[in-house]
There are 2 protein chains.
Amino acid sequence: MSLLVVGSVAFDAIETPFGKVDRTLGGAASYFALAASQFTPVRVVGIVGNDFTAKDEAVFRGRRIDLAGIEHVPGKTFFWAGRYSQNMNERTTLVTELNVFANFRPTLPADYCDSSFIFLGNIDPTLQSSVLHQVNGKPKVVGLDTMNYWIERTPAELRETLKHTHILMINDDETRQLTGEQNLMRAARHIFKLGPRTLVIKRGEHGALMVHDKFMFSVPGYPLEEVHDPTGAGDSFAGGFMGALASAGRINHQTLRRAMVYGSVLGSFAVERFGVERLAHLTRREIQARARRFSQLTSFQL
Amino acid sequence: MSLLVVGSVAFDAIETPFGKVDRTLGGAASYFALAASQFTPVRVVGIVGNDFTAKDEAVFRGRRIDLAGIEHVPGKTFFWAGRYSQNMNERTTLVTELNVFANFRPTLPADYCDSSFIFLGNIDPTLQSSVLHQVNGKPKVVGLDTMNYWIERTPAELRETLKHTHILMINDDETRQLTGEQNLMRAARHIFKLGPRTLVIKRGEHGALMVHDKFMFSVPGYPLEEVHDPTGAGDSFAGGFMGALASAGRINHQTLRRAMVYGSVLGSFAVERFGVERLAHLTRREIQARARRFSQLTSFQL
C-alpha cells in the first residue's frame with residue numbers, strides 16, 4: 001500500500017573512526033525512502049536547494065521512490081556535519097545549517113493525498129500536522145518520530161500531532177523526556193493516553209522494544225563486526241518498519257512483529273558503510289538472509 | 001547433574017530510589033545458589049565469619065543447596081555497601097570490607113570433588129584455578145565470571161584459568177577490556193583463542209548476548225515496571241543459566257539457548273525486590289510463566 005514520508009533531505013559531512021566524507025546524501029527522508037522502497041512504493045515530501053543536482057538524486061532512481069513531493073527552491077540544501085567518538089557511542093554535531101529547510105512548508109502533490117501509510121519524520125510538529133491535514137480521509141497508519149528539541153520547545157503542538165499518531169518511534173531518552181517517567185513500561189502507558197497505541201523504542205546497538213497496549217516485542221541489535229557509520233540507522237529502521245507494514249497492508253500482532261524485524265535488518269545494513277551507500281546497493285536476497293539470521297539469533301524452545 | 005559454585009557470601013547495605021537496607025544477605029554465591037537451586041542441586045564453596053548465624057543461613061534451607069562447603073571462621077563476613085543512582089544505571093560502592101574473605105582459600109569437601117558443572121564466581125583467578133585442581137577428572141562445563149580488577153592486576157593468572165573455562169560470563173566493558181577489542185564480535189573471536197568456546201555478554205537491562213564459535217543467541221532484558229534493586233542480577237542470571245544447563249545435563253545449541261532464557265528469567269526476578277528477597281519466595285510456576293513471556297516477547301514469523 002502507498003507509503004508517504006515527510007522529512008529532511010540533506011547533505012552530511014561525517015567523521016567516524018573508519019573514515020571521513022565531506023558531502024554525502026543524508027537526511028531522515030533519504031534513509032527512510034531507500035529502506036522502505038525495498039518493500040513498497042514510497043512517496044517523499046521534502047525540500048532541497050539548487051545545489052541538489054540530478055546526480056545527487058540518482059540513488060533514488062530505478063526504485064519505487066516517487067520524488068514529485070520534493071520541492072526544489074533557490075538556496076542551499078540542509079547541511080549537517082558530525083563526528084563520532086572512538087567507540088561510536090557518542091556523536092558531536094559540528095555544523096547544522098538548515099538553509100532551505102528553515103522555510104519548509106510541506107505541500108503534498110495531489111496524487112499523494114490518498115496515502116494510507118504515513119511516516120512523519122522528525123520535523124516541527126506543526127508541519128507534521130499540516131501533512132495529515134492534506135491527506136484525504138483517515139490514514140490507516142500514522143508513524144511519528146520526534147526529538148528533545150520539539151519535546152521541549154513545542155510540547156502543545158506535539159501533543160496535538162500525537163493525538164493522530166498510531167505508532168510513536170523514538171529512543172529511550174526521548175521516551176523518558178516526553179513522559180517524565182524513568183521506567184519505560186510506565187512511560188509507554190503514559191504515551192497510550194496521548195494517542196499512540198504502539199510505542200517503538202529505538203535503542204541503537206541494543207535493538208528495539210515495541211510496547212503495544214496488548215503485547216510487547218523485543219528485537220536485538222544485529223551483532224556486526226564492522227560498524228562504519230551509525231548515521232541514519234534509526235531512519236533506516238523506521239523505513240524498514242513502515243515499508244514492511246505497508247507491504248503487509250494490515251496491522252496485527254504478526255505484521256507489527258515482522259515490521260520490527262525488518263526495521264532492525266535495514267538499520268543493521270545502513271551502518272555497515274558511510275551514508276546511504278550500503279542501502280543503495282542492498283538486494284532483497286540479502287535482506288531475507290539477514291531476517292532469517294535474526295530468527296536464528298532469537299529462537300529457542302522451552 | 002551436580003553443580004558447584006565458588007564465590008562470595010556477604011552482607012550488603014543497599015540504597016536505591018526505592019529504599020534502603022542496612023544488612024541483607026548478599027554475595028555472588030548466594031544469588032547464584034538461590035537461582036540455580038530452582039533447577040538442580042547446588043554445592044556452595046565460600047567463607048563466612050562468626051557474625052553469620054543460623055538465621056542468616058535460613059534462606060538456603062529447605063532447598064537443594066548444600067552448604068557443607070561454606071567455611072565458618074572467626075571474624076566478620078564480607079561486607080559491601082552501595083548506592084544506586086536515580087535511574088539505577090549507576091552504582092557507587094560506599095564500603096568494601098573483605099574481612100574473612102581476604103584469607104579465603106577454597107577447600108572442597110570430599111563429596112564435592114565429583115562435580116561435573118562448575119561455576120567460578122568473580123574471585124582471584126588463582127583461587128578459581130585451585131578449585132578446578134581439587135575436582136576429580138575433567139568437569140563437563142566450567143563457567144567463569146571475572147571483573148576489571150582481575151583483568152588489570154592478575155592477567156597471567158586469569159589467562160591460565162581461562163584455558164580451562166568453557167563459558168565466560170562477563171559484561172560489555174569487561175569483554176572489551178579483556179581483549180582490547182572495541183567490537184564485541186571481534187572480541188569474542190579473541191576470547192575463543194584463550195580457551196572458552198562460548199562467551200556470554202551480560203548487558204543488564206538490555207539482556208544478554210551469547211557468542212558461541214558456531215552460533216549466536218540474544219535474549220532481551222525483561223521489561224519490568226518496577227526495579228527495586230539491581231544488586232545480584234548478574235549472579236542470578238549466572239545461577240539460572242548454569243542451573244538450567246546442569247539440569248539438562250548436556251551442552252548443545254538448544255540447551256545453551258534455553259539456559260540464556262532461564263538466566264534472564266532469574267535475573268529479572270532478582271531485581272524486583274531488595275537483596276535475595278524475591279529469589280527466596282520464587283516458585284517454579286512463576287519461573288515457567290515468565291519463561292513463556294520471554295517466548296512471547298521474542299517470537300515472530302517471517
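The values are calculated or read from the model by the stated rules, or taken from the named source; none is laboratory data. All values reported here derive from a predicted model rather than from experimental measurement. Virtual Cβ from ideal backbone geometry, glycine too; neighbours counted across all protein chains shown. Note: areas computed on protein heavy atoms with side chains; ligands, DNA, RNA excluded. Shrake-Rupley method; radii C 1.70, N 1.55, O 1.52, S 1.80 Å.
Observations
- Restricting the range A:267-286 to residues that are more than 14 Å from chain B (Cβ to nearest Cβ) and among the hydrophobic types (A, V, I, L, M, F, W, C) leaves a set whose member that is nearest to B:Ser218 (Cα to Cα) is A:Phe269.
- Selection within the range B:151-181: residues that are of a type in the set (Val, Ile, Thr) and away from chain A (no Cβ under 14 Å). The member of this set that is nearest to the chain's Cα centre (by Cα) is B:Ile170.
- Checklist (1) closer than 23 Å to B:Leu282 by Cβ; (2) among the small types (Gly, Ala, Ser); (3) crowded, with 18+ Cβ neighbours inside 10 Å applied to B:Gly62, failing item: (3)
- When the range B:76-111 is filtered for residues that are more than 27 Å from B:Pro41 (Cβ to Cβ), crowded, with 16+ Cβ neighbours inside 10 Å and more than 14 Å from chain A (Cβ to nearest Cβ), the ones remaining, listed by number, are B:Lys76, B:Phe79, B:Trp80, B:Ala81, B:Gly82, B:Asn99.
- Residues that are small (Gly, Ala, Ser) and free of Cβ contacts under 8 Å to residues at least 40 places away in the same chain are absent from the range B:111-125 altogether.
- Residue within the range B:136-158 that is of a type in the set (Gly, Ala, Ser), open to solvent by less than 20 Å² (accessible area, probe 1.4 Å) and either at pLDDT below 95 or under 23 Å from B:Leu3 (Cα atoms) (or both) present: yes
- Across the range B:287-302, the qualifying residues are those that are at the interface with chain A (Cβ under 7 Å from one of its Cβ atoms) and outside any helix (DSSP H, G or I), and the one among them that is least open to solvent (accessible area, probe 1.4 Å) is B:Phe300.
- Output for the range B:143-156, where each listed residue is touching a Phe, Trp or Tyr at 6+ places or on another chain (Cβ under 8 Å) and not in a loop (DSSP other than H, G, I, E, B): B:Gly143, B:Leu144
- The set of residues in the range B:14-26 that are in a strand (DSSP E or B) and either open to solvent by 20 Å² or more (accessible area, probe 1.4 Å) or within 22 Å of B:Asn103 (Cα to Cα) (or both) comprises B:Glu15, B:Gly19, B:Lys20, B:Val21, B:Asp22, B:Arg23, B:Thr24, B:Leu25, B:Gly26.
- Residue match in the range A:58-66 (condition: more than 24 Å from A:Ile118 (Cα to Cα) and under 19 Å from the mean Cα position of the chain (by Cα)): no
- When the test is whether a residue is free of Cβ contacts under 8 Å to residues at least 60 places away in the same chain, of a type outside the set (Ser, Thr, Tyr) and within 17 Å of B:Arg278 (Cβ to Cβ), B:Ile65 passes it.
- Of all the listed residues (A:Gly195, A:Gly180, A:Gly204), the sole one being among the small types (Gly, Ala, Ser) and closer than 18 Å to A:Leu256 by Cα is A:Gly195.
- Subset of the range B:219-255 that is without any contact (Cβ under 8 Å) to a residue 24 or more places away in the chain and of a type in the set (S, T, N, Q) - its residue that is nearest to the other protein chains (Cβ to nearest Cβ): B:Gln254
- Residues of the range B:182-218 that are within 12 Å of chain A (Cβ to nearest Cβ) and of a type in the set (Ser, Thr, Tyr): B:Ser218 alone.
- Here A:Ser30 passes the criteria (1) under 17 Å from the mean Cα position of the chain (by Cα); (2) assigned to a loop (DSSP other than H, G, I, E, B) except the one numbered (2).
- Positions within the range A:57-93 being at pLDDT 95 or above, small (Gly, Ala, Ser) and in contact with a strand residue (DSSP E or B) (Cβ under 8 Å, 6 or more places away or on another chain), in sequence order: A:Ala68, A:Gly69, A:Ala81, A:Gly82
- Qualifying position, being of a type in the set (Asp, Glu) and over 24 Å from A:Pro230 (Cα atoms), among A:Asp56, A:Asp12, A:Asp66: A:Asp66
- Any chance B:Arg43 is touching a helix residue (DSSP H, G or I) at 6+ places or on another chain (Cβ under 6 Å) and open to solvent by 40 Å² or more (accessible area, probe 1.4 Å): yes
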